[in-house]
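All remarks here apply to the structure that follows.
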Amino acid sequence: MSADVGNGQVREIEEILSAFIPTQRPVEPVTPETLTAAHRISRQWTSSEAGTLRAGTPAHRRALCAMLGETFNPYRPSVITWPELDAEQLQRLKALPIWDIAVQTEGRAQLRFAAYANSLADADLRAAILLNAWEENRHKQVLSKLVVAYGINLAEEPPYEPPRDVEWAFLVTGYSECIDSFFAFGLFDLARRSGFFPMELVETFEPVIQEECRHILFFANWLAWHRANLPWWRRPFFELRVAAVWIHIGWLRARLARTMSPAGKSGIPDPNFTLHGAKSVTPIDLGFRDLVALCLTENDRRFAGYDSRLVRPTTIPSLFRFMLGISKIWMRPKR
């Protein structure tokens, strides 16, 4: 693919996204009451569909599409008031090794979701995934305004390339968000409780974190719906593709650990890579088991308000519940 063709495709996808108008609600003054109502709508939702929502049925498809639209939070990055930080708090914020990665991740995610949406004939699914992409772009705007407000220097963003295989890119991004969000839920709660950062700054990102919860809830239900509607002869290939996606993500995570952690400079991934994130947001010395337990608790809490008939992301929570169970048996005092 030539650079000109790639740039043309990116511009086309960006134009589709810029023309997209998210769910409209009556304009209300921004008050503590309206903000509270918006947060409540974004985290508590029950489908109007009657009966069970069996994966793959038309009712399931309608519910998973409606969930994103009906829980939309209309906050605007342009009106966020960034709190003043003292010198120590500002240094902590600047020291977090996430800003370049976060901005670029959101930039790729919005492009990949929009590209996949553009490939769909189903108008409802297309609109839902475009909303997902639009919200990813809004996350990027929030991050961009934060780094400007606090003078955080970012590396120049690389050119974003259109995905050659839109389904593969959608799967990689969806599964990656399931992994990232699981740990983000726990780390965000640590930041909230630690007092390392002003509560006003932490609360600014609450809508962003909850939106990621909605996104992976949608992805898990899309996955269940898609699997159920595949012809039997296409299912083995799709499951092989999903396995390849997990291998690909594992390779990307290992490379990221080598890049970001001090121990990684030797070329050996740091097994405590995730704990470095915890130490960046709390002065408490937290063990890996405690961090995983917190992530599991927060994961359950964030999903609790959504219709229980919808599928939940289970792979990452189940994996770490299994790991916790094994570690308890291993650490049990021997008689």
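The values are calculated or read from the model by the stated rules, or taken from the named source; none is laboratory data. In this text, all values refer to a predicted model and were calculated from it rather than measured experimentally. Cβ: placed from backbone, ideal geometry, glycine included. Neighbour counts: every protein chain shown. These area figures cover heavy atoms from the full protein model, side chains too; ligands, DNA and RNA do not enter into them. Shrake-Rupley method; radii C 1.70, N 1.55, O 1.52, S 1.80 Å.
Give the stretch 185-201 a look and list any residue that's surrounded by 21 or more Cβ atoms within 10 Å (Cβ to Cβ) and over 16 Å from ILE284 (Cβ atoms), or say none.
PHE185
If TRP82 passes every condition in (1) among the hydrophobic types (A, V, I, L, M, F, W, C); (2) buried (at least 17 other Cβ atoms within 10 Å of the Cβ); (3) not in a helix (DSSP H, G or I) but one, which one does it miss?
It is condition (2) that TRP82 fails.
Taking the criterion of being at pLDDT 90 or above, surrounded by 13 or more Cβ atoms within 10 Å (Cβ to Cβ) and under 30 Å from LEU120 (Cα atoms), would at least one residue in the stretch 277-297 satisfy it?
Looking for residues that are at pLDDT 90 or above, surrounded by 13 or more Cβ atoms within 10 Å (Cβ to Cβ) and under 30 Å from LEU120 (Cα atoms), one finds none in the stretch 277-297, hence no.
Report, by residue number, each residue of the stretch 124-178 that is touching a residue at least 60 places away in the same chain (Cβ under 8 Å), farther than 25 Å from PRO77 by Cβ and among the β-branched types (Val, Ile, Thr).
Residue satisfying the conditions is VAL172 alone.
To keep it simple, each residue is scored yes or no on (1) out of contact with any His (no Cβ under 6 Å at 6 or more places or on another chain); (2) among the small types (Gly, Ala, Ser); (3) more than 23 Å from LEU125 (Cβ to Cβ).
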site: GLY174; (1), (2), (3): yes, yes, no
site: SER194; (1), (2), (3): yes, yes, yes
site: VAL208; (1), (2), (3): no, no, yes
site: ILE216; (1), (2), (3): yes, no, no
site: PHE219; (1), (2), (3): yes, no, no
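In this structure, is ALA243 of a type in the set (A, V, I, L, M, F, W, C) and surrounded by fewer than 19 Cβ atoms within 10 Å (Cβ to Cβ)?
yes
Each row is one residue, and each column tells you yes or no for (1) over 21 Å from LEU319 (Cβ atoms); (2) modelled with pLDDT under 85; (3) out of contact with any Leu (no Cβ under 8 Å at 6 or more places or on another chain); (4) among the β-branched types (Val, Ile, Thr).
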| position | (1), (2), (3), (4) |
| --- | --- |
| GLY186 | no, no, no, no |
| ALA191 | yes, no, yes, no |
| ALA224 | no, no, yes, no |
| LEU240 | no, no, yes, no |
| LEU256 | no, yes, yes, no |
| LEU275 | no, yes, no, no |
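In the stretch 82-134, how many are at pLDDT 95 or above and aromatic (Phe, Trp, Tyr)?
Of the residues in the stretch 82-134, 3 are at pLDDT 95 or above and aromatic (Phe, Trp, Tyr).
Does ASP270 satisfy being more than 23 Å from VAL202 (Cα to Cα), at pLDDT below 95 and not in a helix (DSSP H, G or I)?
Here the answer is yes, as ASP270 does meet what is asked.
Looking at the stretch 60-79 only, could you name the residues that are without any contact (Cβ under 8 Å) to a residue 24 or more places away in the chain and buried (at least 17 other Cβ atoms within 10 Å of the Cβ)?
ALA66
Can you spot a residue in the stretch 15-33 that is touching a Lys or Arg at 6+ places or on another chain (Cβ under 8 Å), part of a helix (DSSP H, G or I), at pLDDT 80 or above and open to solvent by less than 40 Å² (accessible area, probe 1.4 Å)?
Taking every residue of the stretch 15-33 in turn, none turns out to be touching a Lys or Arg at 6+ places or on another chain (Cβ under 8 Å), part of a helix (DSSP H, G or I), at pLDDT 80 or above and open to solvent by less than 40 Å² (accessible area, probe 1.4 Å).
Pull up the stretch 36-59, narrow it to residues that are within 20 Å of the chain's Cα centre (by Cα) and aliphatic (A, V, I, L, M), then point me to the one that is most open to solvent (accessible area, probe 1.4 Å).
ILE41
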